[in-house]
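Everything below concerns the one structure shown next.
The values are calculated or read from the model by the stated rules, or taken from the named source; none is laboratory data. All values reported here derive from a predicted model rather than from experimental measurement. Here the Cβ positions follow ideal geometry from the backbone for every residue, glycine too, while neighbour counts run over all protein chains shown. We work out accessible area using only protein heavy atoms, side chains counted, and drop any ligands, DNA or RNA first. Shrake-Rupley method; radii C 1.70, N 1.55, O 1.52, S 1.80 Å.
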Amino acid sequence: MSTKVKRAVETAGNGAVNQERRAATFDVFRRWGYLQTQLDPLGQYLPPEPFPVAVPEGEEDAAVEARGFYCGTIGAEFMHIASAEQREWLEQQMERETPAVDQKRVLTGLIKAEIFEQVIQSRYLGTKRFSLEGLTVLIPFLERTLEVSAGLGVTTAIMAMSHRGRLNVMVNTVGREASEIFTKFEDVDPRSTMGGGDVKYHMGASGEYVSPAGERIDLRLVSNPSHLEAVDPVALGRTRAKQTRVEDELKTDGLKGDDAGLSGQLQVLPVVMHGDAAFAGQGIVAETLNMATLRGYNVGGTIHVIVNNLLGFTAVPEEVNSSRFATDIAKRLPIPIFHVNAEDPDAVMRVAGIAAEYRHKFGSDVVVDLIGYRRHGHSEVDDPTVTSPKRYALIAKTPELYKTYAKRIGVDPGAEVAATQKMFLEEQKEATQADTIPHLSVLPAYWDNYCGGGLSAEDAAIRTGIDAAAVTKLAAGLCAYPEGFNIHPKVKKLYEQRMEMAEGKRPFDYGMAELVAFGSLVTAGTPVRLTGQDSQRGTFNQRHSVLTDVETEAKYTPLEHMAEGQARFEVYNTFLSEAAVLGYEYGYSRDYPETLVLWEAQFGDFANGAQIIIDQFIAAGEAKWHLLSGIVMLLPHGYEGQGPEHSSARLERYLQLAAQDNMTIAQPSTAAQYFHLLRRQAMRSWRKPLIVMTPKSMLRHPDASSTVADLAVDGFMNVVPDRSVTNPRRLLICSGKIGHNLRVEREKRKDTGVGIVFVDQLYPWPEAEMQAALDMHPGAEVVWVQEEPANMGALFYVMPELRRMARDRVVISVKRSASASPATGSAKAHDLEERALIDLAFGAKG
């Protein structure tokens, strides 16, 4: 009697008991089989010993069968997933017959990947390229992922990766011509990138994938700096923007909201590739993973691929990861993690198909850990034998994967290798004759109406004001809520006061001015997206853009119900992250330029946690990659005795980053100025980041409030001159809250010999407006006054400009003493400092 027949007889006789025993045996391997998989591509580590399994009598075959499914070259971690449906689906995938693979096609991908690298090595010896050799299976893996995804309805893929293998992916996945890449190695026409540009393995690329069935996917490889994982949230933000665009188009065609949103997620796929050491070591990875199911950030699942060469520069896994696998950080989420030996292309193809199908079916992240090696050093000029001699002795003996795979499937690759080599060499020769550097990316059509370049005089032609009737109409919508909605008494009182603001009975504060700006934009067709920690209510209890029913905790957002056919309004309280969230919003702004996208720091200097995103993407993205963004950063700033972390938004850092008209840096002095600034940002025909030093105590400062008439003026004033005094002895130039404190002091002293000028736009420097303000009071001594210490704030930026413009006039400064910390932690000390600062500004001898 055969084993199968015997088992059938026993099962029939013993019924559920045998089934339970078999299930228990399989359960052991489903949970722990990945610990005994054959994942070491070089055989440099001892093979795992089979763990003992207490197999019930008669179930020995079940253990053998289960070991075959779960202890081969694929290690699957999925039993930590709470959903029984998802676990069962994965069990079925792992325990079914291995699907057929187009092995010749896989071989072609391996050959192209390998020969591309070899041609670069032979023609550009000693030039950095961050080779994919040792993990060339990534190319057929991506091809299989895209093929399956195309069949499931994906039309766009946003791809992100660090430098290793990037050039290979550009050519063999994105579909750029190899000659375009080789031209960058030739470094022709250096004048075209003087003062800008980036190295070739950081640039983005756009292309198209066409499946064997003829389905097409638009491919976007995101530009990325050397900060390896900083691109992760940027890619997801771009994905969300493209999904939202699809959703909006479907809603226009009549599809309902939830269905449209789901369709958007199904059509746009993010594929993010990581290094093993970076995935384990970079905190932004954990932040990005945490976005997976959060409202406002969910993209319907991301396929994460670890391009794992078991090295981080020169560090081995034991030095970069405290756990068994680099992927273990992902186990905090209920998502599957696949480890696969990169020297087994058939297994890799199987995992690619499972990952694509799982993401489509469950809208979930998937992690795929491709474990291979790195044939050369960190860069091709490094000698890795210095730090890993035994490993590289093994690598020297390891043939290229295409050779071992061709032998395994019984194919002679010689002719295809020769033809591929000839093709790449011809493209390399073509590159030597080029005289311009090609652009590897093409901006989508929705960028046609926007441009970059210098900040022009166009601002003067933008009319941001709205009349009193329009304000009243907007306020009615902004302060409305459904009948029977149990609004909090304090918020109800605030909404009543806001209606009085619109009716001219009460001055406008910043909170209401902001909401009127948002309302005016969404009713005119401009979407608005605002995110930040506590941004729905506002850190300082100033916004209340989302109402909470005090009995049911149901939510209501008035800005979503302003008018029929209005544009989208979104406001989200974000999780406790700066880097990932700001990167996400930057990415969103990249693919939805029509939207006013704002990120708000809880306190201004919390943006320190996102400095890489600010430096590498927001400040330098246009100069490096010719990529534009209209992202707005709202940074609460102002010295009020609340300590170092709650005072300074580090204005000096943004001014240091400012050059070549790369951004706008402003500190609006009144509620109306803030209103006009936001509208100007949305109504411009070009896109630049806007950095706003927003107020805290000044949110409700009487001198910073505005009237309905102030909202109707033409637009934002870069400089607010002082017309209230004539022939002053001193002209105090300042920005932000200190100016209002000075005005209060001037009124108290009744000192008509002091003029006070606000600089509301610091960069680009408002040359004409500032000159006019200075010329209005030609005999006055010019004094720059700031709250910040002497080594911070705008001092080093402003003083040279004022001295140049004041010509022969005296220009001095008043500021706190230089300090290692932004502010004192003592409220009493703060008051003493501010008193001294104001006295000096008015001319007291210090």
* Residues in region 713-727 reached by a label modelled at D751 [backbone nitrogen below 20 Å; 7 Å Cα→Cβ] -> 721-727
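Would you mind calculating the relative contact order of region 633-706 from Cα pairs under 8 angstrom and at least 6 residues apart, reporting the percent as a whole number? Walk me through the numbers before you get to the answer.
Details: 82 pairs, mean separation 32.8, N = 74.
Reported relative contact order: 44 percent.
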* Asked: Over region 39-190, what is the relative contact order in whole percent, taking alpha-carbon pairs under 8 Å and six or more residues apart?
  -> 19 percent
* **E781 long-range amide H proximity, modeled H, under 5 Å** => R730, L731
* Theoretical ellipticity at 222 nm over the chain - DSSP helices of four or more residues, -39500 (n - 2.57) apiece, nearest 500 -> -12000 deg cm²/dmol
* For semi-axes √(5λ) of the Cα gyration tensor in Å, the listed values are (i) 55, 41, 28; (ii) 57, 32, 25; (iii) 48, 34, 25; which was obtained by calculation from the structure presented? -> (ii)
* Structure fact -> Taking placed amide H atoms and a strict 5 Å upper bound, the residues 5 or more places from T694 or on another chain that come that close are L635, H637
* Structure fact -> With all protein chains present and a 1.4 Å probe, the order of E49, E426, E801, E215 from largest accessible area down is E49, E426, E215, E801
* Alpha-carbon Rg with Dmax, taken over region 537-678, Å -> 16.6, 53
* To do: Would you mind calculating the relative contact order of the chain from Cα pairs under 8 angstrom and at least 6 residues apart, reporting the percent as a whole number?
  => 11 percent
* Against the longest alpha carbon principal axis of the chain, how many degrees, from 0 to 90 and to the nearest 10, is the axis of helix 737-749 turned? -> 20 degrees
* Using a 1.4 Å probe on the protein chains only, how many percent of the accessible area of the chain belongs to carbon and sulfur? -> 51 percent
* To do: Take N791, project a point 7 Å from its Cα along the Cβ direction, then tell me which residues of region 602-642 have their backbone nitrogen under 13 Å from it.
  => none
* Residue-wise HN-Hα coupling along region 675-690, computed from phi with Karplus coefficients 6.51, -1.76, 1.60 (Hz; x: Gly, Pro) -> 4, 5, 4, 5, 5, 4, 4, 6, 8, 5, 8, 10, 10, 9, x, 10
* So how tilted is helix 510-523 from the main axis of the chain? Cα-based, degrees 0 to 90, rounded to 10. -> 60 degrees
